[in-house]
Each structure stands twice: as C-alpha cells, then as structure tokens.
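Worksheet for the structure shown next.
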Amino acid sequence: MAHLRHETVFGPVGIDADDLEIRAIRVGDTTPTTLPPSALAVEAARQIDEYYAGVRERLDLPFSIEGTEFQKRVVIAVTRIPYGETRSYAEIAREAGHPNAFRAVGSVMAMNEMHLLVPCHRVVKSGGAAGLYGGGESFKRMLLQFEADHRGRFGKTVSTHRNGSKGI
C-alpha cells in the first residue's frame, strides 16, 4: 500500500491506497509520500481537488466498510447524506436501527479515516451545533458552509437539515 501526501487548498490530505481500493483519506496528514503512489491515490487526489473546487459533490472511489454490523450501517447511512445537507447523530442512530445509540454513532464517526468518502462532517448535534471532527470543529464548519455555498451547482435544491433547523 502506498501513501500520497496531497496538498489541497484547505491543507494537506494523506491518501492511503493500493491498486484496488482507498484505505484512508486523512485531513491534516503530513506523512511524506511513499514512491510511487498508486494510480488510485492519484485519482483520489484529483477528485478531492474537484470537490474542493466546488465542481464535484461526491468522491467516486472504491473502499471497504469494516467493523460490526452497527458500524457498517452507520457508515452506510452517513454516505447517503446528500451534499449540502446534514443529519443529527440521533437520526443516524435511528437509521442504523438503534435509536438510542447516538453516542455510539459519534464513536463510529470518531474512527472515520475516509474523509469525504464517508462525509461525517455532515453529521451534527440535534440542535444543529457542529460537534467534533477529526480535522477540527472549525474545519467541519468550513466544510458545511462550503457545501451550503456550492450545492446549487449540482442542479438541486436541498434543505439544510431534515428537522428544519439551519444547523451552523
């Protein structure tokens, strides 16, 4: 598995990939690139740049979901949150089949190393506050605002939050 340190307009991103799938995309990763990076890592870097340029709403890259059945259901639920929208930890817990497990959803999100592939920045507290994020709360707020500012580019109008709150 090769590692690519990719400089983006929002800082460095570390991409771990082999020839078959992405293993991790980490915000703020400053680990040096191992040579040569896989073609998939280079493609991931290209797609991340397109996302950050506001011309792509989702990364289209292969990756595996690992963990318990609950963890997998949480990750799948998070990958289904549309660009520019948010869901609360409680909503994700309900969708994963465990309505009272909102703290466990937070634990699953805390382990997420698939930045943008599993867009956990779109998961917020029930009152709309950002909550924690691996890249920092201010980076999470910036991503949410970025998506809010760019969501119209993809030809659809979406609400900010299912329960009607504006979030951040």
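Given H placed 1.01 Å from N in the peptide plane, which residues other than close sequence neighbours of Ala24 have an amide H under 5 Å from its amide H?
It is Asp16, by chain and number.
Ignoring ligands, DNA and RNA, please state the percent of accessible area on the chain from carbon and sulfur, probe 1.4 Å.
53
Tell me the mean residue ellipticity at 222 nm calculated for the chain from its helices only (DSSP H runs of n ≥ 4, each -39500 (n - 2.57), averaged over every residue, nearest 500).
Per the formula, -10000 deg cm²/dmol.
With the other protein chains left in place, how much accessible area per residue, in square angstrom, belongs to the chain at a 1.4 angstrom probe?
About 50 Å² of surface per residue is accessible.
For Cα extents along the principal axes in Å, pick the label among (i) 46, 36, 26; (ii) 57, 37, 29; (iii) 39, 36, 33 that corresponds to the value derived from the coordinates.
Identified label for the calculated read-out: (i).
Report the full-extension gain for the segment Phe10 to Met111: residue separation times 0.36 nm, less the Cα-Cα distance, to one decimal in nm.
Between Phe10 and Met111, full extension yields 34.2 nm more.
The values are calculated or read from the model by the stated rules, or taken from the named source; none is laboratory data. On a predicted model such as this, the values are computed, not experimentally measured, just so you know. Heavy atoms of the whole protein, side chains included, go into the accessibility calculation; ligands, DNA and RNA do not. Shrake-Rupley method; radii C 1.70, N 1.55, O 1.52, S 1.80 Å.
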